[in-house]
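Notes follow the structure.
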Amino acid sequence: DEDDNDLEKTSSKSDTLKKMVQKVLPKVEPLPWSTFFCLSMWCAIPAIAYILLFTQMGYGEHIYYKLSHSSFADHAPIFAGILILSIFFFYVLDIDQWTTSKFGRAFRFLSAFAMFSTFVLIVILVSNEFPYGIITLFAVLNPLYLLVVKSVFYGGNRTRTFATWLSGPLVVVSVLITVSFIVWVAVDYSNEWNDVTKVEAAVRTGCDANFDEYPNCSSGKNTTTTATMATTTTTTCFFLDYSVQPQELVFPNGCDRSCLKVYDTCSNGFILWAGPVMLSLSTLFLGFFCTFLRIGEGSTDEKDVFNFTKVWLFVLFVMWASASLSGAAAGVTTTLVTLTVANMIGSSILLSAIFGREEIHDNKEMVLEKIREKYGDDNLNIARGLFVVTCSPVLLGYFCLSAVNQAVRRIGINPCSQPVNEVECTTVDDDQTDKILTVRAERQLTRMRAWNRAKVFTYAIYWGIAFMILYVLVAKLTVVFLSWMIEKVEDFNLIAVTAIMAGVGAMMFLLPPVPGVPIYLALGIVLPSQGYKILGWLGAILYSTGVGLVLKLFSSALQQKLIGENLSHYVKVRQFVGINSKLMKAMRLELGSGGISAAKVAILIGGPDWPTSVLCGIMRLSLFQIMLGTIPVVLLIFPTCLTGSLLYMSSRVLDNGNPEFPWAGTASTLAASVTAMVQFGSMLVAAYYLERTSESRADEVEAIEDDQEVKEANEKDEHMRKCYETVTQWNAVPLWPKLILTFSLLSVTASCYMVQFFPEVCFVPHELTDTIDDNLGGNVASLFLPLGWAAVALFLACTILLYIFSSWGKRQAQKLVESGQAMPLNTQLENF
């Protein structure tokens, strides 16, 4: 019987694992082997061409160098100006609607083809300055190429059927690209990513060294004279010695290793090196997307789309975390965002070839309706807030263009410009002639006006505040503080360093926004640097892992018992965390179980450190059971400490200035990838188990009794909440509160755009291995450049303005409650 029970448990675990894997892998369309092979070859052709022409595995560096030194590249701004003007006139003159005559259709096609060709030319010409342009161009062109293959060789099949056939071949090509890249890196030292190859890549791609910030790192100017002109270049004080194998960096007297930072802004080399990985991502994205087009048995539902979104975010997070520790975070962040947008554009091209405009619109409305039914209007408002804070500048530009388009239509320059029917030429509807925007833009704006704008704007500001806190206050200042700690304890012995780092780490764990990963990373840098002589490198890494585990368990116990259980006495706190919500009950059900389970471990590892432990205290869970479930966090601590140790090892240099461990840089990037996979993967697994528990164990979740005090407080506050929504209805809000909330939104949007798109002019790059004296001139405030201070000022202004608006709204709501005439308004929430 015991054997049967063990067998059943094993079978249950394997079934659960199988279901999780099935949620991640795409539903590949079964095909005959001959068809599968032919389609795989067709899918591989553009990938092979890209690898040969635009990555370090091929001739990418030589091509980028030629482009950077081509005089033709200087004309890129002219072509860009022509393209912008062409798009402007194409839109405002409604050339896309010229369909009633052969001349109109021909002119429309030639104009679109010329603009697209110009765009491709511009991307190629500026590829050295914006190296992510080529891969994004590939993501857009690849679906077009596959549609051409379909029309030439598979014309007898429906486009949707052909697209579903591509899912398997695209996934196979993606896997083969990744395997080829791993083999290529492993076979030759020169294919690794380290300081030597970083300098080589910067030189070969023509990236200029940054001597403005590091003037002491130049060795002087060299003048090269040709028959037509004299060229003056500035060289670095260090150079590569090719007389030894592997190549070494030579740092003469007066030139130290910190001068390598002159190439920190050169992300070209890293993107060329990691180009096959990004190519694999783009191919994988398209493969997943093709599975969503399946029809009949095994077709894709909205859950598969959500699961794919989670997987895609997981992959992007892993790549970003890896790149951030390789010195190329800024360039790679932009690349990943741009690549995602380009993949979506490419997928849209495939969709437009399969479905008509009306069918796409109907499917979109159906999906949005399902989302609203499942998650409610308030969650939609949260999503709308994110949309507003991220896309409001783009929306503003779109509506301005729409106004110009409508003005041209009113003038009557183009007889095919009608605000009534934007598809074909018809007579102008007199009812529309007084509109400022086009019919389509007016319809979209009307939908947005139907939103609860005060709530949406408030959520948008919350999103911006959260981003600024996590991206600036936590990410930047935590790294600066830990780098200061590393510098101060470098001369202490191992025991003293351990005590200091443990004390500081425990205090940082008690701060709500501080995550555990930077603390583990600092432990991995500091403790092995002091302990490798006594324990050896492996022993020192294991020692730092053990200290990190003890520190995590001790801090979690403090957070749970001292903070969480004391806060549990306050009804407002239990109400704030939603103790009676289905999510919290599902979390209580999983964490309250005895022993160690996958769900329990995933929640305790994947959840944010401080909130998770404090919630365990608020829910009055068993400390022993929580500590038992937290022990597997060592799976996160070890790769993080290993990453820190490898970062320190990569910074150690020999007497000649070359790295003592030249392989440590690449190894640290791989270890960082593992860390990111464990961290973000556990978040996805935790979300999966919580959702599964809420659905499959719904009866057990409902059986958990509500907190009566919180329930009564919720009922009492519900009337106040409705009154607050009543007084903050946008049409009922006076002018000055509207201006305050609007300026708050504009401030936080501007600050987020500054730090996200212009990080190099907002902050001085600072890593855990840097020192405040050398990198920031001994002043922490030097981390912020003038634009960074402006972003911080706007962030503070938005916070103050939001507080003023909220205070006004609460006062007005209280007056409404006291008057006894509260009558909440019904708000019609439209889809966007």
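The values are calculated or read from the model by the stated rules, or taken from the named source; none is laboratory data. None of the values given here were measured: they were computed from a predicted structure. Quick reminder, even Gly has a Cβ in these numbers, built from the backbone with ideal geometry, and neighbours come from all protein chains shown. To get the accessible areas, we keep the full protein, side chains included, count just its heavy atoms, and leave off ligands, DNA and RNA. Shrake-Rupley method; radii C 1.70, N 1.55, O 1.52, S 1.80 Å.
Things to note:
- Yes/no for Glu767 being open to solvent by 50 Å² or more (accessible area, probe 1.4 Å) and in a helix (DSSP H, G or I): no
- Selection of first residues in region 117-128 that are under 16 Å from Tyr64 (Cβ atoms) and open to solvent by 50 Å² or more (accessible area, probe 1.4 Å) and of second residues that are assigned to a loop (DSSP other than H, G, I, E, B) and among the β-branched types (Val, Ile, Thr), restricted to Cβ pairs under 8 Å at least 6 apart or on distinct chains, gives an empty result.
- Of the criteria (1) among the polar types (S, T, N, Q); (2) surrounded by 21 or more Cβ atoms within 10 Å (Cβ to Cβ); (3) within 11 Å of Phe457 (Cβ to Cβ), which one Ser751 fails: (3)
- Among the residues listed as Gly168, Gly155, the single one being part of a loop (DSSP other than H, G, I, E, B) and farther than 14 Å from Ala47 by Cβ: Gly155
- The lone exception for Pro786 - which of (1) over 31 Å from the mean Cα position of the chain (by Cα); (2) without any contact (Cβ under 8 Å) to a residue 40 or more places away in the chain it fails: (1)
- Out of Ile626, Ile631, one residue alone is under 27 Å from Ala703 (Cβ atoms) and either at pLDDT below 90 or not hydroxyl-bearing (Ser, Thr, Tyr) (or both). It is Ile626.
- Hits in region 792-807 - residues which are open to solvent by 50 Å² or more (accessible area, probe 1.4 Å) and either outside any helix (DSSP H, G or I) or of a type in the set (S, T, N, Q) (or both): Thr799
- Val497 passes every criterion in (1) more than 28 Å from Ala791 (Cα to Cα); (2) surrounded by fewer than 18 Cβ atoms within 10 Å (Cβ to Cβ) apart from (2).
- In region 694-738, residue modelled with the lowest pLDDT [restricted to those that are within 34 Å of the chain's Cα centre (by Cα) and surrounded by fewer than 15 Cβ atoms within 10 Å (Cβ to Cβ)]: Glu695
- The condition of being in a helix (DSSP H, G or I), more than 30 Å from Pro77 (Cβ to Cβ) and of a type in the set (Phe, Trp, Tyr) holds for only one of Phe138, Phe119, Phe181, that being Phe181.
- When restricted to residues that are of a type in the set (Asp, Glu) and loosely packed, with under 15 Cβ neighbours inside 10 Å, region 559-606 contains 0.
- Looking at region 497-602, the helices (runs of 4 or more DSSP H) lying wholly inside it that each contain 2 or more residues that are over 28 Å from Leu684 (Cα atoms) and either aliphatic (A, V, I, L, M) or modelled with pLDDT under 85 (or both) sit at 517-558.
- Single residue of Val183, Val187, Val179, Val173 found to be under 26 Å from the mean Cα position of the chain (by Cα) and free of Cβ contacts under 8 Å to residues at least 12 places away in the same chain: Val179
- Taken over region 247-259, the residue count meeting the criterion of being out of contact with any Asp or Glu (no Cβ under 7 Å at 6 or more places or on another chain), surrounded by 15 or more Cβ atoms within 10 Å (Cβ to Cβ) and part of a loop (DSSP other than H, G, I, E, B) is 3.
- Phe624 being open to solvent by 20 Å² or more (accessible area, probe 1.4 Å), part of a helix (DSSP H, G or I) and either of a type in the set (Val, Ile, Thr) or out of contact with any helix residue (DSSP H, G or I) (no Cβ under 8 Å at 6 or more places or on another chain) (or both): yes
- Criterion violated by Gly269 - all others in (1) touching a residue at least 24 places away in the same chain (Cβ under 8 Å); (2) outside any helix (DSSP H, G or I); (3) under 19 Å from Gly665 (Cα atoms) satisfied: (2)
- Near pairs, Cβ below 9 angstrom, 6+ apart or cross-chain, from region 496-523 (over 20 Å from Pro611 (Cα atoms)) to any residue that is part of a loop (DSSP other than H, G, I, E, B) and open to solvent by less than 40 Å² (accessible area, probe 1.4 Å): Ala496/Val489; Val497/Val489; Ile500/Val489; Met501/Val489; Leu521/Leu768; Ala522/Leu768
- Taking the criterion of being within 26 Å of Val761 (Cα to Cα) and either open to solvent by 50 Å² or more (accessible area, probe 1.4 Å) or touching a strand residue (DSSP E or B) at 6+ places or on another chain (Cβ under 9 Å) (or both), the residues of region 170-199 that qualify are Asn194, Asp195, Val199.
- Boolean, Lys552 is buried (at least 22 other Cβ atoms within 10 Å of the Cβ) and of a type in the set (D, E, K, R): yes
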